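Quick note: the coordinates plus some simple rules give every number you see, no bench work behind them. For clarity, every value in this text was computed on a predicted model and none was experimentally measured. Note that we place each Cβ from the backbone using ideal geometry, even for glycine, and neighbour counts take in every protein chain shown.
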Amino acid sequence: MTTSTRDACVWCGSRLPIGRRDWQKFCSKKCRQASWRFGVVPAVATREATRPMIFAYADPPYPGKAHYYPEKTEVDHASLIDRLTTDYPDGWALSTSAAALRDVLSLCPRAVRVCAWFRGPRYTKSYKTLSSWEPLIIHRGRPLATDRVQLELDGLIYQGKYRAFPGYMIGSKPPQFAEWMFAQLGAAHGDRLDDLFPGSGAVSVAWARFSDPRDAAGSRDSSDRRDTSPALVEGTAA
């Protein structure tokens, strides 16, 4: 048995136990299993990835919802979209709510696409029908391959959250969403993704596992998935 030079659990950040083995990454079985369930299929190299691209993802407090977060400050979406378009010409993705979509779209370039995450309803008392989906606005990105039948879809059906992620907070996106969002941008190995509103940091972890398998502690390969296409995944988060 050798002492590891790694001091902290790669999942929760707690100190590893004394006398750990040199290959030990997790402080407990619970953390190891939670990390494995946060599985992200690593990107595959494509002929279209002729140069690295720089993308951005913005998941700010949705308009009118800032009171759910400690800062309690509304985001200036006009300035945010202007920054995205100026600083990230390769492409960007922006999450917002169905209720705010009309106003947010009016601030976007004409060429954006609106994709839909069908996350299921959050049941509550309401005088109107409940919203069960969230828009994802996409600007540019890498064109997808045309030499085969296209499997990527602009709609994701996934009902569930990933509460086991350390630092989980309202609005955290599950790994299935992150993978789907990466596919909408046409992301590949060697690209960079700036997460402008990291929150819990879940999207950044998903990107590390997607873009570089060497960082993918607990990542899965495509054979571990019932459906190897990340564009349409059904199920409930563990």
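Please list the non-local residues whose amide H lies under 5 Å from the amide H of Leu193, H modeled 1.01 Å from N, same-chain partners needing a gap of 5 or more.
Phe55
Can you compute 3J(HN,Hα) from phi for each residue in the range 186-199, using the Karplus curve 6.51 cos²θ - 1.76 cosθ + 1.60 with θ = phi - 60°, rounded to whole Hz and x for Gly and Pro?
Per-residue couplings from phi come out as x, 5, 8, 4, x, 6, 10, 10, 8, 8, 6, 10, x, x Hz.
Please give the length that would be gained between Arg192 and Asp154 if that part of the chain were fully extended, namely 0.36 nm times their separation in residues minus their C-alpha to C-alpha distance (nm, one decimal).
Result: 11.5 nm gained on full extension.
Around Tyr62, with a cut-off of 14 angstrom between Cβ atoms, what is the net charge of the other residues, counting Lys and Arg +1 and Asp and Glu -1?
0
Given the Cα-Cα distance of Thr146 and Leu130 and 0.36 nm per residue of separation, how much length would full extension add, in nm?
2.0 nm
What's the ranking of 94-107, 142-155 by average number of surrounding C-beta atoms within 10 Å, highest first?
94-107, 142-155
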